Amino acid sequence: MRILSITAGAAGMYCGSCLRDNALAAELLARGHEVTLLPLYTPTLTDEPNVSRSDVLFGGVSIYLQQHSALFRKTPRFLDRLYDSPRIIKAFADRSVSTNPRLLGELTISMLEGPSGVLRKEFDKLLDWIGDEPLPDVINLPNSMLIGLARPLAKALGRPICCTLQGEELFLSGLPGPYRTRSLDLIRRQVKDVDLFIAVSEYCATFMADHLKISDERIAVVPLGVNVLNYQRRQRVDDIFRVGYLARVAPEKGLHLLAEAFHRFRKRAPTARLRLEAAGYLAPEHEGYVADIRTFLNQAGVAEDFSYRGAVDLDEKMTFLRRLDVLSVPAVYDEPKGLSILEALASGVPVVQPRRGAFVEVVERTGGGLLVDADDPDSLADGLHQLWQDRARRDELGQKGFDSVRSQYSIQHSADCLLKVYDRVLSGNREGAGS
């Protein structure tokens, strides 16, 4: 099968969606399928071998300039190639380009307006690029915010279009009111241009069907998968009980809640050797957030028990996870993915998660952790305390998670599900062509 899979770069950040798109593409390539993984906006950053193309279309610098000045909407292609250079894009992304949705409302609208908007030149460049490539059997868009690509691609190539749903509602909800309303309206109008939507969890499918007004039969679920060969069972190195956090460090991911729960947990076990270990990407605009957490922990008298290890590459992540006794990412919104939860379970580390979003189905299906009340530090502290007290139960949950991820959430299982979806949409396309 020949697959054109578009992915959206996230500047210099390890992004769960980029990791997923890259891992699936790598697995399908290993099986002999022809996959072109094409990045938009910026090159992608992955912690496994990156199989995406070196080309970057809709370059982040170029579309920013076009959005803010009509002059750049008419510049010749040879000049655009300078702005679209991955090296130039990366330089600007590392220094000044923010992924804050409040700053990107106008660009979001322009992408959704498609060739009729101010970024028409970029859509033309995409179609020209595709014209020089082998004709794909199926095209996959990485999220609904790029649904503006569906109609021009289908018109140019005559091939079915799939669109993945994998957490873009958080970005959309962060847009200022007029941009949010306009974006949702544009997405809903273009739902008809997509042959099939692919959700990364049952929760995501249910929520997005209602949110974007998509009929249930037009959404398939392809669960997340991790490359389980990368993950080894956790290793107990001493008698310190380590509570871990692995996610982007931002208020919506809930590190502040975990810090408060850790403090309350510490009060219930004052003589225990405990640590709170955090890792993940920290954007410049959230440095104050981490400073506030450190201040809280210092005032609570537990600052010496906390470490933030920054963004971690694959080897660092594996080492980080193997040393944990429990992991928690108590997001304050209904998370549709939970990739780091699967990574912890794949390492035999049990999780304590709020009862919300995709966390519920992951924990219930794997049996690898505890569910606690959402947005409740006391309930979270109870869960942590339970697993500290009962090592046998902790080990049992860790073993269940370790085994279940390998049977239900491996990248091989995810790729199997995705290929079935592509077969389904191609079958429907052939039937439609023959009717």
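The values are calculated or read from the model by the stated rules, or taken from the named source; none is laboratory data. What you see is a predicted model; the values in this text were computed from it and never measured. Positions of Cβ are generated from backbone atoms using ideal geometry, with glycine treated the same way; all protein chains shown enter the neighbour counts.
Within the set Ala291, Ala358, Ala374, the sole residue that is assigned by TED's automatic domain parsing to the domain that holds Leu246, in contact with a Cys (Cβ under 8 Å, 6 or more places away or on another chain) and over 19 Å from Arg236 (Cβ atoms) turns out to be Ala358.
For Ala91, the criteria (1) modelled with pLDDT of 90 or more; (2) surrounded by fewer than 15 Cβ atoms within 10 Å (Cβ to Cβ); (3) assigned to a helix (DSSP H, G or I) hold in every case but one, which is (1). Of all residues in the range 139-154, those that are under 16 Å from Ala25 (Cβ atoms) and surrounded by fewer than 22 Cβ atoms within 10 Å (Cβ to Cβ) total 1.
Might you check whether a residue that is farther than 24 Å from Cys417 by Cα, assigned by TED's automatic domain parsing to the domain that holds Gly428 and among the aliphatic types (A, V, I, L, M) occurs anywhere in the range 173-182? Yes, some residue in the range 173-182 is farther than 24 Å from Cys417 by Cα, assigned by TED's automatic domain parsing to the domain that holds Gly428 and among the aliphatic types (A, V, I, L, M). Every listed requirement among (1) without any contact (Cβ under 8 Å) to a residue 24 or more places away in the chain; (2) out of contact with any helix residue (DSSP H, G or I) (no Cβ under 7 Å at 6 or more places or on another chain) is met by Ala209 save one, (2).
Sort out which residues of the range 283-318 are assigned to a loop (DSSP other than H, G, I, E, B) and of a type in the set (A, V, I, L, M), and write them in order of number. If the condition is that a residue be assigned to a loop (DSSP other than H, G, I, E, B) and of a type in the set (A, V, I, L, M), then Ala283, Ala300, Val302, Ala311, Val312 are the ones that fit.
Annotation: of all residues in the range 155-182 being part of a helix (DSSP H, G or I) and of a type in the set (D, E, K, R), the one that is surrounded by the fewest Cβ atoms within 10 Å (Cβ to Cβ) is Lys155. Of everything in the range 116-154 that is in a loop (DSSP other than H, G, I, E, B) and among the acidic types (Asp, Glu), the residue that is farthest from His68 (Cα to Cα) is Asp137.
Just one of the listed residues (Lys213, Lys253) is basic (Lys, Arg) and outside the structural domain of Arg275 (by TED's automatic domain parsing), namely Lys213.
Against the list (1) under 26 Å from Glu335 (Cα atoms); (2) without any contact (Cβ under 8 Å) to a residue 40 or more places away in the chain, the condition Leu170 fails is (2).
Just one of (1) touching a Phe, Trp or Tyr at 6+ places or on another chain (Cβ under 9 Å); (2) over 24 Å from Ile198 (Cα atoms); (3) of a type in the set (Val, Ile, Thr) trips up Val352, so point out which. (1) is the only condition that Val352 fails. For the range 115-153, residues that are without any contact (Cβ under 8 Å) to a residue 40 or more places away in the chain and in contact with a helix residue (DSSP H, G or I) (Cβ under 8 Å, 6 or more places away or on another chain) total 8. Checked against (1) in contact (Cβ under 8 Å) with a residue 60 or more places away in the chain; (2) in contact with a helix residue (DSSP H, G or I) (Cβ under 9 Å, 6 or more places away or on another chain); (3) assigned to a strand (DSSP E or B); (4) buried (at least 19 other Cβ atoms within 10 Å of the Cβ), Ala278 passes all but a single condition, namely (1). For the range 1-43, filtered to residues that are of a type in the set (Ser, Thr, Tyr) and touching a strand residue (DSSP E or B) at 6+ places or on another chain (Cβ under 6 Å), the residue that is farthest from Leu157 (Cα to Cα) is Tyr41. Scanning the range 210-233 turns up at least one residue that is of a type outside the set (Lys, Arg) and in contact with a His (Cβ under 6 Å, 6 or more places away or on another chain).
Taking Arg31, is it at pLDDT below 85, among the charged types (D, E, K, R) and either touching a Ser or Thr at 6+ places or on another chain (Cβ under 6 Å) or surrounded by fewer than 16 Cβ atoms within 10 Å (Cβ to Cβ) (or both)? Against the criterion (at pLDDT below 85, among the charged types (D, E, K, R) and either touching a Ser or Thr at 6+ places or on another chain (Cβ under 6 Å) or surrounded by fewer than 16 Cβ atoms within 10 Å (Cβ to Cβ) (or both)), Arg31 does not qualify.
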